[in-house]
1. Please verify whether the stretch 153-163 includes one or more residues that are in contact with a Cys (Cβ under 8 Å, 6 or more places away or on another chain) and under 19 Å from Gly208 (Cβ atoms).
2. Can you pull out the residues in the stretch 333-384 that are farther than 22 Å from Ser320 by Cβ, surrounded by fewer than 22 Cβ atoms within 10 Å (Cβ to Cβ) and out of contact with any Leu (no Cβ under 7 Å at 6 or more places or on another chain)?
3. Take Thr311 and decide whether it is at pLDDT 95 or above, touching an Asp or Glu at 6+ places or on another chain (Cβ under 7 Å), within 16 Å of the ligand (Cβ to nearest atom) and of a type in the set (Val, Ile, Thr).
4. Ser81 - would you say it is over 22 Å from Gly143 (Cα atoms), surrounded by 15 or more Cβ atoms within 10 Å (Cβ to Cβ) and polar (S, T, N, Q)?
5. From the list Ala373, Ala317, pick out the single residue that is over 25 Å from the mean Cα position of the chain (by Cα) and either over 18 Å from Glu385 (Cα atoms) or aliphatic (A, V, I, L, M) (or both).
6. May I ask you to list the residues in the stretch 262-277 that are loosely packed, with under 15 Cβ neighbours inside 10 Å and over 24 Å from the mean Cα position of the chain (by Cα)?
Amino acid sequence: MPKFVINGQRPLAGEISVRGAKNAALKILPAALLSAEPITIKNLPRIQDVDLSIKLLEELGAEVDRGQDSATIRIETITDSRISATANKLRASVVFTGPLLARMREVRFPHPGGCVIGAGTRPIDLFLEGFAALGAEVEEADGYYSIRADKLSGGEYFFTTISVTGTETLMMAAVLAEGKTILKNCALEPEIAALAAYLNSQGAKISGAGTATIVIDGVKRISAGEFTIMPDRIEAGTFAIMAAATKAELTIRDCDPSHLEALLSIFSKIGVKFSAGKDYLTIRKSPDISSYSVKTHEYPGFPTDLQSPYTVLMTQARGSAIIHETIYDRRLLFTDMLAQMGADIIMCDPHRVVVNGPSKLYGRKLTSPDLRAGIAMIIAGLTAEGKTEIDNIYQIDRGYERIDERLRSLGADITRQDD
Ligand code: EPU
C-alpha cells in the first residue's frame, strides 16, 4: 500500500493552482443521468472519487469520453436502475438516486460508504423522507433500499438537518416530477447554486438555489450542454492554511476568494497576512499568529471540511482555541495523532477540543482516517521536525489531485512510496 513520506520544515514558496471542486464534480456527474443528451464537463479534477462516480455512470449504461481535465458523458438509455456495490466506497453515490429516480421512476441502491466521519454509517433518512414526499415508495431489505414511483409528483419537504447532498439529490429528483416542489431549510453552498444554474440553462425551472427555500417546477425533459466546474474552495482554503502553518509565502491561483470569507475573516483577526483578488489569494509570511476558536457551520459559516487543517494551524498559534465540530461526530478523532506529534490538545467530548499553542511538532507514523484529516496530517508533517509517514493515503487521493507532486513544486519534501 502506498504511503506519503514527508521530511518536514522545508521552506515552501511559490504558486499553486486550485483544481475543480470535488463537491461540485460529484453532483454534476450524476446530473448527467437526467438527460439523454451528451454533457461535457470541464475543469474536472483527476481524483479517485471522480473515477468512482464515472465507474458508477458506466455501470448504468453511460458512454464516457475522458480528456485530460474534462469528460463527455452520454446516457441515451439507462440500462440499469440499480446502483452497484461500488457505492460502498463513495458517500456521494447517494446523489445518483435523485436523477435515477427522476428518469427511471425506480432505483435500488446499497447504503453509501465514504469517509467514516459521521454517526454510525452516516444516515440517509432525509433522502428517503424527501423521496416519500415526492410520492415514492421506499423499502429497505438486506442492506439495499428500493425506491419506486409510478409517477413522481411535486411535494414539500423540510430538512430537519441541513444537508448539501440531500438538497442536491431532491432538487434533481424534483426537476422531472409533475408539479411544484418546495424544499425548505436547504443548504446554501455555492456548488448548489451552480448546479441549479446549469440545470436551468438546460430547461429546468428551479428558483431560490443558494437560499434556504428552493422551488422547482417540474418539466417533462431537460437537455444537456457544457458545465465548467468551479474552483475547489476547500482546496484553496487548505492551501491557505498550509501556507500560514508553515509560515510560507504562497500564491493560490484559479480560486474564488469570495467563497472563503469565513476563513479570511479569521485570518484578519489572528495575524495571517494576505491579499486577495478575483481569482487569486496570496498568503504572506506571518510569523506571529494568535489563536481563535471556531465552530463549524454550514455555508457561509466556517466549513467542517477546513476544520482539520485549521486545527493543525492552531497548534502553531499563540494561545488557546476551542475547535467545535458541529456537523460530524468523528471528525476530531484525528487530533489524537496530532497529540502524538507533540501538539497540546485536550479532547472535551467528540465534538470539541482545546488546542494550546504554539507547540513544536515532531514527525511520526500516522494513518489517514479520512480525506480532510489526511490533508491536515500532510500539513502537520510539513510543519514538523523530522520524518512523517502517512499511510491509508487512498483517503487523500480521493479528493486532492496529485497532491505530492503539486506540493513538491512548492519545495515540499514529500514522496509517495510503496511499503
Ligand atoms: N444527515 C442526516 N440524515 C441524512 C443526511 C445527513 O442526519 O439523511 C446529517 C449528517 O449526519 C450530518 C449532516 O446531516 O450531520 C450533513 O451530512 P451529509 O452527509 O448530508 O453531508 P452533506 O451536507 O451532504 C457535503 C459534503 C461534505 C461536507 C458537507 C458540509 C459532498 C459530497 N459532501 O456533505 O464533504 O463536509 O457538505 O456540510 O458534497 C468532504 O468533502 O470531505 C465532505 C465530507
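The values are calculated or read from the model by the stated rules, or taken from the named source; none is laboratory data. This is a predicted model, so every value here is computed, not measured. Glycine gets a Cβ as well: all are built from the backbone with ideal geometry, and neighbour counts include every protein chain shown.
1. yes
2. Listed by number, the residues that qualify are Gly363, Arg364, Lys365, Thr367.
3. Judged against the criteria, Thr311 is not a match.
4. No, not satisfied.
5. Sole residue among the options that is over 25 Å from the mean Cα position of the chain (by Cα) and either over 18 Å from Glu385 (Cα atoms) or aliphatic (A, V, I, L, M) (or both): Ala317.
6. Passing the criteria: Ser268, Lys269, Ser275.
Conditions (1) within 22 Å of the chain's Cα centre (by Cα); (2) free of Cβ contacts under 8 Å to residues at least 40 places away in the same chain, marked per residue:
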{"site": "Ser201", "(1), (2)": "no, yes"}
{"site": "Ile234", "(1), (2)": "yes, no"}
{"site": "Leu260", "(1), (2)": "yes, yes"}
{"site": "Ser290", "(1), (2)": "no, yes"}
{"site": "Tyr299", "(1), (2)": "yes, no"}
